[in-house]
Structure formats: structure tokens, C-alpha cells
1. What do you reckon, is A304 under 17 Å from the mean Cα position of the chain (by Cα) and either among the hydrophobic types (A, V, I, L, M, F, W, C) or away from the ligand (no atom under 16 Å from the Cβ) (or both)?
2. State whether one or more residues within the range 299-322 are touching a Lys or Arg at 6+ places or on another chain (Cβ under 8 Å) and acidic (D, E).
3. Suppose we filter the range 235-258 for residues that are within 16 Å of the ligand (Cβ to nearest atom) and of a type in the set (G, A, S); how many remain?
4. Is there any pair linking a residue in the range 324-343 that is under 24 Å from G135 (Cα atoms) to one that is away from the ligand (no atom under 16 Å from the Cβ) and open to solvent by 30 Å² or more (accessible area, probe 1.4 Å), with Cβ under 6 Å and at least six apart or on different chains, and which?
5. So which of K85, K97 ends up being closer than 30 Å to T240 by Cβ, within 16 Å of the ligand (Cβ to nearest atom) and open to solvent by 50 Å² or more (accessible area, probe 1.4 Å)?
6. With respect to E193, is the statement that it is more than 21 Å from F436 (Cβ to Cβ), of a type in the set (D, E, K, R) and at pLDDT 85 or above true?
7. Mind telling me which of the residues P102, P55, P92, P60 ends up being part of a helix (DSSP H, G or I) and either within 16 Å of the ligand (Cβ to nearest atom) or at pLDDT below 95 (or both)?
8. Residues to consider are T174, T152; find the one that is modelled with pLDDT under 95 and not basic (K, R).
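The values are calculated or read from the model by the stated rules, or taken from the named source; none is laboratory data. Note that the structure is predicted; figures quoted are calculated from it, not measured. Backbone-built Cβ (ideal geometry, glycine too); neighbour counts: all protein chains shown. Note: accessible area is taken over every heavy atom of the protein model, side chains too, but ligands, DNA and RNA are not part of it. Shrake-Rupley method; radii C 1.70, N 1.55, O 1.52, S 1.80 Å.
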Amino acid sequence: MFMSTISAVDFPTEGYAIHVDMALGPHGPVNDAVLAVKHGVIVNLCSAADYASQPRGLKPMRMTGTAMLPGILDVHHHVIEPFVKALTCGEPAQMWKRIWLPLEATLTEQSAYLGAKWTFLEALRGGITTIVDHGIRTRAIAAAINRAADDTGIRLVSSTGVYDLKNFSTNARTPDLVKDVDAAIRISEQHVEDCKPFSRVSPSLACGTVQSNSGDMVKALARFCRERRILFQIHANEHTLEVHASIEATGRRPIEYLGDLDALGSTTLIAHATLVTGAEMELLRATDTAVAYNPVAAIWKGNAIAPALDYITRGIRVGLGSDATRNDGLRMIDAAEACQRIAFGIPRDDFSCGAGWRWVHAATQGGADAALLGGEVGALAPGRKADFLLLDCRGPEVRPSWDFTWEVVRFFDRADILATFVEGEPVQIGGRSTRFDNAAFLDAAEAQGVQAVHDAGLIRLHGTADSGWPGDQATPRTSQVD
Ligand SMILES: [Zn+2]
């Protein structure tokens, strides 16, 4: 069977058994492999020879020239912001002040729905089957995002939270400041209830940073999550300015301060954790706190690269995140490995730099562990939800194959992703959603998305990429996007 001839109806809900040339199992690549799926759950991954000796019953599908990967998890995203794209390029750190918050302030339910749906479509095309959204959403906006996830078929860790310090909520159209902890707990309980109708959506709570929330509020929301085993998210130690501000306000670095607040722990996910001391790393390890390593965000707008390999070596759970840069799972893995190599491997003559598998693992099982979905997704293993990718192995870029895992890190590309499956369902085939008319959606949503960017009053400090070309004498560096 050739992938160009398949459609969603070829994969019955009751089950099927896909026979591929190669599959990445929990313990490494399996040659000539069969993945058996029943009602959206993996029931077997083994060699075709082993499978042949077992009882049949599932629809067999031989897919010559294909390989299979677990679906990639993006554990740090802000899903409503896909329309600014290159406006963020060249910008200095803390662009949230000039780009993200003004944009979020203009959100409507409709624009949030379209932005999230657009992000999810990109992500599925890029091999990402689970997204962890970070955002302080009103109930209506969170509902729009949940609906967009449900309409595209992606798995979502949905988020809300509160701001209770004014410096992060300067625009009247951002969610109202919530002053007391009881009100915040009511919002949190409502969010948990609102996520229940969606089988692929789980709830989480977020605080922006230690600058956006009081210690009492951070402590209360982290505790709420710990008691219910849901994810608590917070950015920490990403930028120089943030670390300075934390020390000025609290006398402590952000992760130290979170430790003081009892906000670290096995249900907490720290986004970035780039500017860390050895003592802070030890604090993350001792409390079993997870980290979202966001390599592309670090390249584009960061002050440093997170010491992800050190984290992993210490036993700290690490997943990969995009931080709303680009929705391309394989390029994210490539960047994860490259950043570690440049920042830490090259100066130490560490040519292995974790070996290829650590970065594929961080994007799959590591991400699932960081997102509290470790028993559900992240590996092609019996009992897990069947979230996986089919890759084309016939292209010249990936032949001859010598070491499949390294090839995933460095040679496979988004164009090689033939189909993306969530819970056994092919939600995109050949780059198109199987759920809706892609072209019609994109044409309609783009116009609204561009208008929303114009309306937001964004400030760009860098100017365009063409500023400073030879002969360009007068291009202003700072500009209002209008
Ligand atoms: Zn972020």
C-alpha cells in the first residue's frame, strides 16, 4: 500500500495493524515492525516475524517504505499567536511586553479559536500530537481553544490562571486582575470542569512569572495542582531582566523563590530555566520538578541555552517546547541537539552530546513525563494511546539508513511526515487535516489574523530583515506595526 492512496477510512476505529520498515520503540528502533492498534490504544509493537506467530483479527496494512515515530509533544506553547510569524525575528529578549501581551489583549473568542486552530493544524503537519498551552485565559477564550483542539483532533493540555500583580495586566482587555486566592481557586475549579467533556483535553494552571503573581497566589495555584495531580506551569529564569527583578523584589532568584513558596514539585513544569545556578538545578532535581527546554525560543530571543543535558544527567525530567516560535517537531529536535552541542558540547569536546536518542526521547517520552501524560502517550508501547507519525523513508535525504535515531534528529524533515495519528485516528494525511477543508479555513482565517495584528499596536524594535542592507541609510529601527 502506498501512502498517497490512503485516506482516513482505511484506519477503522476497531483497529488495524500497520507493518512498516522501521519503528522507534521504547527501547530503540525495531526493524520490519508491526504496530497493532485497537480502539485508539496500542496493543502491540513487535517485529513482523513475531507478529505473524500471534492470533490475527486486526486489519493488516503493509506500508512499504515507511517508518514510525511516537507523536512529538510540544510542552510549552502560547497557541493563540500564529499570525505574527516573522515580526518576532531579530527582537531582543522579553518580547512579550511589545508583541505577545498587546496581541493577547485584542483577542476575541473568534480570533482565539482561529489562532488556536491554525496553530494546531501547523503542529499536526509538523508531527506534534500534543501541545501544552500556557496562558492566562478567560473562561470564554479557554473554551474557544478547547473547541479548536477538539475540531482538529490534537491532544491539548489546556490552561488558565490568574494575574494578581498589575505590571502584567496593563491593558483593559486582558483578564481582570484577580485579587484574592478564593476567587482564583473558583476559576481553577471551573477550568477543570470545563475540560472534562473533551477526551483529548486535560486541564492545567499557569502563572506568567514570579513578576506577574504574588507569592500567595503562586503558592495557592501550585498547591491546587499538586492536590489534583494536574500541571502547574510558570516561566522562570529565562531572561536576565527577570532574574534581576526577582532578586530585587524577593532577595531570591526565581527558582529559589519558587522553592521557598513550595511551588516546585512533581506537578510543576518550569518553562525555560536557562539562567540557572548549580543550587537551582539541585532544587529542581530534589523536588522532581520538570523543565520545558525551548531551544528555538532560546536562539530567537533568549539570553542563554538551558543546560538540558545536565538536567537529564541529573535525572530531571525534560521535555521540548516551541514557545510559539514554529510548529515543526523535527526541527525542534534538531535545534535541541544543536543548541546543546554549541553551548556545552563544543567547549568540552563532547562530540556525542547526549547521543541522538536523548533529544528524540525528550521530544516524546520526556515530554509526556513533563506534561503528566507519561502513562498515556510518548512511546509506541502497549497500553499507550496510539499517537504516532508515519514517515516516508524513500527520499534521498534519508537513504541509505545507518542509524535511524540520528537520522530522525538530523535528516528527516517535515516533508517526510506522511500522516499524523492521534488516538489511532489519522488527523492529517499528506499535510491536510482529515477533519475540515484546509484551504478554505486558511484563506478565511488569514485575513482575520492579519487584521488582529494590525489592531494590536505592536512595537517592533528591530525593523525589518532588510534594515541595514547596503544603500539603506534611513530605515528606522523601531517601528509600530500598523
Ligand atoms: Zn512562554
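1. no
2. no
3. Of the residues in that region, 1 qualify.
4. Filtered contacts from the range 324-343: N327/E122; D328/R414.
5. K97
6. Considered against the rule, which asks whether it is more than 21 Å from F436 (Cβ to Cβ), of a type in the set (D, E, K, R) and at pLDDT 85 or above, E193 comes out as yes.
7. P102
8. One residue alone meets the criteria, T174.
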